[in-house]
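Novice: For reference, the structure I am asking about is given below.
The values are calculated or read from the model by the stated rules, or taken from the named source; none is laboratory data. The shown structure was predicted, so the numbers you read here are calculated from the model rather than taken from an experiment. Note: ideal-geometry Cβ built from the backbone for every residue, glycine included; neighbour counts use all protein chains shown. Areas reflect the complete protein model, heavy atoms only, side chains present, ligands, DNA and RNA absent. Shrake-Rupley method; radii C 1.70, N 1.55, O 1.52, S 1.80 Å.
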Amino acid sequence: MKIQHPPFLYGQQGLQQTQRNLDQISKEVAQMSTQNFDRVQPKELDVQHGSLAETLTEARQVTRDAQSNAQVLDDANQNLGRIIDISV
């Protein structure tokens, strides 16, 4: 019997997206902290924020998003366990 449980899928996709967002934010913070140096800027890096404070605020929000997605996975795991206990 194959168990299809969308919350696992949604939680996993959400965590993957938050990881990509945190990677981008890390690049932006690194770029902001080295702007005074004569370094070649990567072409694929597109700074979308105006200040370090805004970027760090977004990082905090993305961290909350990751925690929410982790909670979805935890809840889905508990619910699936209850379903299996009832079925068996």
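Novice: Quick test of your reading of the structure: Gln31 fulfils all but one of (1) open to solvent by less than 60 Å² (accessible area, probe 1.4 Å); (2) polar (S, T, N, Q); (3) at pLDDT below 75. Name the failing condition by number.
Specialist: (3)
Novice: Cβ contacts < 7 Å: first residue within 14 Å of Glu54 (Cα to Cα), restricted to region 5-30; second residue open to solvent by 60 Å² or more (accessible area, probe 1.4 Å), any location; separation 6+ or different chain. Result?
Specialist: If the second residue must be open to solvent by 60 Å² or more (accessible area, probe 1.4 Å), the pairs left are Ile25/Glu58; Val29/Leu52.
Novice: Further, regarding this structure: Could you check region 43-87 and list, in sequence order, the residues that are farther than 16 Å from Gln19 by Cβ, of a type in the set (Asp, Glu) and at pLDDT 70 or above?
Specialist: Selection gives Glu54, Asp74, Asp75.
Novice: Quick one: Thr18 ticks every box in (1) modelled with pLDDT under 90; (2) surrounded by 14 or more Cβ atoms within 10 Å (Cβ to Cβ) except a single one, so which number is it?
Specialist: Result: Thr18 fails condition (1) only.
Novice: Note down all Cβ pairs under 7 Å where the first residue falls in region 49-73 and is under 15 Å from Ser26 (Cα atoms) and assigned to a helix (DSSP H, G or I), the second is open to solvent by 40 Å² or more (accessible area, probe 1.4 Å) and among the small types (Gly, Ala, Ser), and they're at least six residues apart or on different chains.
Specialist: From residues that are under 15 Å from Ser26 (Cα atoms) and assigned to a helix (DSSP H, G or I), there are no pairs.
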